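Asks: Okay, handing you the structure first.
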Amino acid sequence: MDEGSSRAQSVQEALSEASDSLLRVEVRAGRGRCLVAERPVRKGRVVLREMPYASVLNANKVGTHCDYTFKPGGGKLLRCSRTKVVKYLDREAQAGAWKAYFRDECRVASKMMEEKGEEFYSRLCMRSTLRLVCRMYWTRKARSPLQWTLVSQLHSNWETSSDAVKMTWAESAAHAHQILKLTEDSAPSVKELCAMFAAVSCNNLMVQDDYNEPVGFGIYPLASITNHSCTPNCVQAFSGKKLSLMCVRDIRAGEEITISYADLFSLHSERRATLLSGYGFDIDARTGGEAVGAVVSASPLVEAFRAEGDPPGSGGVPKSLVSDGEATFTEIRVAGGRHVGRGFTQIDEEVGGSEGGQKAVCSFASKDHARAAGLVLHQIQEGLTRSEQLLNQSKFREAREAVTKAVKQCEGSVVDGCDVQLSEHHILRLRGLHLLSHTALFLSDFETALNVGRELAEPFSRLYPNPWPNLGFHLSMLANLEADPSLGGTKEQAIARAREAAAILEATTPRSNVTRLQMEALVREAAGR
């Protein structure tokens, strides 16, 4: 057996163990390596379980969550006596981190803090990707050769990336090289580290907590073989750092296992741009009618509404979405002069020049209308992005101000004499409302969170596939708020929401998930058990 065949067999053996022999690796035309079901799999089944090869907390979670388990501490974490930054759930977690990677990381921190000051390590913790790449090499010492083989086979998007992105990776690689020289007898070259940064950029998976909040990210070599689809059949779920791939629908024997690399709660154009820049493939690309690099699909917003006869993967909006009187997720109304027109984001013609950068169907009355729509969309997206950044920085009041302004722009903005208004259920307005409810929760404004959450429930039920965890977590939030009579809710409303949430979370989260357990407890209580 040659070396290539031996490595492929080793990968398959590791996969069989992690998937209970449910999956195999195949190489398919236009798809590359992919995971395929060996036999039929029912909805809600876990098809793969995997711990990360290496992982790192998000910068805003350092100090509030255990560095090793990713679990929140509730103010009772043990602090590293040397760095005074990293914290652990208990002595066992601290020992696990020390053995896996922190012995070397602490050596680096100690030396650099002596030379550059006590603040050095705190600044390093803000560079999560740099820490992750260094940890991949430190972790290698405690791992088997097979595990490093899996890491070395990670796909890289170096060749398809821009020179500016490559320069960023090169600068990070040079910094990582200097850090690893302090702990490694033979530090990896800058060239090797450039390739590793490129691989990490398109293979890391976001780790989310029991409430669907991002806490960090890690490298999961087996799960990284899974390809993208805009209509995936599996979803990632986490218990601490442990990843489970769960089926959101029945899967046939021989069918490819897919996940979504991009947020389904987004415009088609946004996901296309994310996947092009981050993963190097185009979800609209076709060769001989076949998808290249990804399952070609219209927006999941479209797929969720697809009527019989609508062509799959068309990239456009089917007629079932644009009929008179039916709200859409992409419709824009523009009035100016003597004309009133309607258009849809994300389709054909780029408008707004370099400032707008949005896509819109020119069913508007004029190009001026289309340009105005593009500029307004750009302004709204900037406001939403700003709000998300402030939220991640725990600046909740500023985040609410930014998102409130963006939502008002959705409801009416005037540009060059054109009045632009997004539809009630436009995806950007829904995203703004979602952020508004989120910030309201952090500010203990539960009445606003409940009212906005109720407005989102119906469009969310159509926006997301069922089951999908985001929908389940949203319904669980409503169930908890509606259980409070001071907010105008009733026990009956809360129980109804809990039943819906529990059914979804049962198929999309591990049994240990706190939110799932809360919803199941509410349902049992209502049943008198």
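The values are calculated or read from the model by the stated rules, or taken from the named source; none is laboratory data. This structure is a prediction, so every number in the text was calculated from the model and none was measured. Note: ideal-geometry Cβ built from the backbone for every residue, glycine included; neighbour counts use all protein chains shown. Ligands, DNA and RNA are excluded from the accessible area calculation, which covers all protein heavy atoms including side chains. Shrake-Rupley method; radii C 1.70, N 1.55, O 1.52, S 1.80 Å.
Asks: Let me spell out the model: positive unit charges on the Cβ of Lys and Arg, negative unit charges on the Cβ of Asp and Glu, origin at the Cα centre of the range 54-205. What dipole size does that give, in debye rounded to 20?
Replies: 540
Asks: Relative contact order, percent, of the range 464-528 when contacts are C-alpha pairs under 8 Å separated by at least 6 residues?
Replies: The normalised contact order for the range 464-528 reaches 34 percent.
Asks: Would you mind calculating the gained length between residue 164 and residue 527 on full extension (0.36 nm times residue separation, minus the Cα-Cα distance), in nm to one decimal?
Replies: Taking residue 164 through residue 527 to full extension adds about 124.7 nm, to one decimal.
Asks: Using a 1.4 Å probe on the protein chains only, how many percent of the accessible area of the range 54-205 belongs to carbon and sulfur?
Replies: Of all accessible area on the range 54-205, carbon and sulfur atoms account for 52 percent.
Asks: Ok, one more. Please give every one of the lysines within straight-line cross-link reach of residue 408, meaning a C-alpha to C-alpha distance under 23 Å, and leave out same-chain neighbours fewer than 8 residues apart.
Replies: List returned: 359, 395.
Asks: Amide H neighbours of residue 48 under 5 Å, at least 5 residues apart or on other chains, H built in the peptide plane: list them.
Replies: The answer is 245.
Asks: OK, next. So who's got an amide H within less than 5 Å of the one on residue 23, skipping anything under 5 residues away but keeping other chains? H placed 1.01 Å off N, in plane.
Replies: Amide H to amide H, under 5 Å and 5 or more residues apart or across chains, residue 23 pairs with 38.
Asks: While we're looking at this one, here's another question. Ordering 413, 152, 277 by accessible area with a probe of 1.4 Å, largest first, what comes out?
Replies: Working: 413 15, 152 65, 277 90 Å².
The most accessible residue leads, giving 277, 152, 413.
Asks: Let me ask you something else. Is the shape of the range 1-119 rounded, prolate or oblate, going by the alpha carbon gyration tensor and its root eigenvalues a ≥ b ≥ c, with a/c under 1.5 for rounded and a/b larger than b/c for prolate?
Replies: In terms of gyration-tensor shape, prolate.
Asks: May I pose another question? Need one number: nm distance between label points at residue 148 and residue 446, each 7 Å from Cα along Cα→Cβ, rounded to one decimal.
Replies: 5.4
Asks: So what is the relative contact order for the range 39-186, in percent, with contacts set as C-alpha pairs under 8 Å and at least six apart?
Replies: In percent, rounded to a whole number, it is 21.
Asks: Here's a follow-up. So for 461, 172, what's the accessible-area order with a 1.4 Å probe, most first? Mind dumping the intermediate values first?
Replies: Details: 461 60, 172 20 Å².
These residues rank, largest area first, as 461, 172.
Asks: I've got another one for you. In the structure displayed, which of 99/141; 61/405; 166/191; 61/87; 61/84 lie more than 20 Å apart, Cα to Cα?
Replies: Table pairs above 20 Å Cα-Cα are 61/405.
Asks: While we're looking at this one, here's another question. Pull up all non-local amide H partners of residue 248: gap of 5 or more, or a different chain, and H-to-H distance under 5 Å with H placed in the peptide plane.
Replies: Hits under the 5 Å cutoff: 44, 234, 235.
Asks: Of 165, 200, 145, which is farthest along the charge dipole of the range 54-205 in the positive direction, counting Lys and Arg as +1 and Asp and Glu as -1 at C-beta?
Replies: Result: 145, furthest along the dipole toward the positive end.
Asks: At what distance in nm do the modelled label points of residue 81 and residue 114 sit from each other, each positioned 7 Å from its Cα along Cα→Cβ?
Replies: 1.8
Asks: Also, quick follow-up: Give the share of C-alpha pairs in each 10 angstrom bin for the range 54-205, from 0 to the last occupied bin, in whole percents, shortest bins first.
Replies: Pairs per bin, as whole percents: 11, 39, 36, 13, 1.
Asks: Among 379, 430, 463, whose Cα sits farthest toward the positive end of the charge dipole of the range 357-489 (+1 at Cβ of Lys/Arg, -1 at Cβ of Asp/Glu, about the Cα centre)?
Replies: Result: 379, furthest along the dipole toward the positive end.
Asks: Can you give me the distance in nm between label points at residue 178 and residue 26, each placed 7 Å from the Cα along the Cα-to-Cβ direction?
Replies: 4.9
Asks: Taking a probe of 1.4 angstrom, what is the accessible area of residue 158 in Å², to the nearest 10?
Replies: 70
Asks: Kirkwood hydrodynamic radius (Cα pairs, Å) of the range 117-269?
Replies: Evaluated on the range 117-269, it is 17.4 Å.
Asks: Report, please, the projected area of the range 464-528 averaged over directions, based on the convex hull of its C-alpha atoms, in nm².
Replies: 4.2
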